[in-house]
Amino acid sequence: MEQSPFIKFEHVSFQYDQGDEWALNDVSFHIDRNEWVAIIGHNGSGKSTIAKLMNGLLSPQKGEIYVDHILVNEQTVWDVRKKVGLVFQNPDNQFVGTTVVDDVAFGLENHGVPREEMIKRIDTSLKAVNMTDYYNHEPHRLSGGQKQRVAIASVLAVQPDLLVFDEATAMLDPKGRKSIMNTIKSLRDTRDVSIVTITHDLNEVLFADRVIVMNHGKVLEEGKPREIFKKQEELVEIGLDAPFVTQFSKHLKVEGITFEKEPLTHKEMMDELWKFHLNM
Ligand SMILES: Nc1ncnc2c1ncn2[C@@H]1O[C@H](COP(=O)(O)OP(=O)(O)OP(=O)(O)O)[C@@H](O)[C@H]1O
Ligand SMILES: [Mg+2]
């Protein structure tokens, strides 16, 4: 199969109202098939605007957006929406059904999926987010993390090629956050799907293949998480903190503890600390 980006932004500029500042200003990037890309940036840097442009909820005043080779415009927007699923921050705003099953079914009815096929897809997607015990539960009685998993199942059922999570863990407690991150990781491992995670929490970025850093409506930088977090000062300058492990490692360096390989995850940190300890 031809290897080409699944999404392409070419010199995209967007403003919400004429005369406003540009929310996005000449933004170009791509996302490959099956790639996991994290988008980070300060408040108002344009991240959610990118998410909404990706599935045609907004359309740019300048530049072009291609999804799976299709130029996004009024004629193609319904095709594009089947290919790109969005999960937002607040799970409570995403429910329409009175039971979990109804809720997942609703999106499918909108897309005209036949009944037999619907039943299959509801099963598969609730299984993927580990919510099969909750078919007939009322969505508003679930925990934040469970609600968000149902929201993900509803999006999965439409079988998109790209899942966009816009601050999908921001309103959750640490447990809910972890369950959503694990869900995203398992989707990545088991499915043929591209993933975009938009987040303030840089600890969530470590598992992505690539990071795009937004600053005032422009792409400031792109790279692997390891390369991006080397530039701690730069991140702090644009209002972002380095992840916990990176900050910790910096403190250790001041104390004279240096590592062969800069650790990024807790596990890497533990491994490096053991090596250091054994070499002492
Ligand atoms: N509905 C709107 N009408 C007018 N301006 C908007 C609207 N939504 C966003 N903006 C402006 O567009 C710019 C980009 O906003 P956007 O929501 O994309 O940023 P963000 O990076 O997602 O921020 P956050 O981290 O707070 O979610 C900001 O200056 C914001 O004030
Ligand atoms: Mg946002």
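The values are calculated or read from the model by the stated rules, or taken from the named source; none is laboratory data. For clarity, every value in this text was computed on a predicted model and none was experimentally measured. All Cβ positions, glycine included, derive from the backbone under ideal geometry; neighbour counts span all protein chains shown. These accessible areas exclude ligands, DNA and RNA; they are computed on the full protein's heavy atoms, side chains included. Shrake-Rupley method; radii C 1.70, N 1.55, O 1.52, S 1.80 Å.
Sort through 254, 213 and tell me the only one that's open to solvent by 30 Å² or more (accessible area, probe 1.4 Å) and of a type in the set (A, V, I, L, M, F, W, C). Before the answer, list the steps.
Details: 213 fails: open to solvent by 30 Å² or more (accessible area, probe 1.4 Å).
254 is the lone residue from the list that is open to solvent by 30 Å² or more (accessible area, probe 1.4 Å) and of a type in the set (A, V, I, L, M, F, W, C).
Quick check on residue 67: is it within 16 Å of ligand 2 (Cβ to nearest atom) and open to solvent by less than 20 Å² (accessible area, probe 1.4 Å)? So residue 67 does not fit the description; no. Only one of (1) within 30 Å of residue 234 (Cβ to Cβ); (2) within 15 Å of ligand 1 (Cβ to nearest atom); (3) of a type outside the set (A, V, I, L, M, F, W, C); (4) open to solvent by 10 Å² or more (accessible area, probe 1.4 Å) fails for residue 17. Which number is that? For residue 17, the failing item is (1). The residue pairs whose first member lies in region 161-190 and is touching a residue at least 60 places away in the same chain (Cβ under 8 Å) and more than 16 Å from ligand 1 (Cβ to nearest atom), whose second member is of a type in the set (Gly, Ala, Ser) and in a loop (DSSP other than H, G, I, E, B), and whose beta carbons are closer than 6 Å, counting only pairs six or more residues apart or on different chains, do not exist in this structure. Kindly provide the set of residues from region 155-171 that are over 15 Å from the mean Cα position of the chain (by Cα) and open to solvent by less than 20 Å² (accessible area, probe 1.4 Å), ordered by number. Within region 155-171, 157 is the sole residue that qualifies.
Cβ-Cβ distances below 9 Å connect the following pairs, each with a first residue in region 47-59 that is more than 9 Å from ligand 1 (Cβ to nearest atom), a second residue that is of a type in the set (Asp, Glu), and a separation of six or more residues or different chains: 56/74; 59/74.
Number of residues in region 80-123 that are over 21 Å from the mean Cα position of the chain (by Cα) and either of a type outside the set (S, T, N, Q) or open to solvent by 70 Å² or more (accessible area, probe 1.4 Å) (or both): the value is 25.
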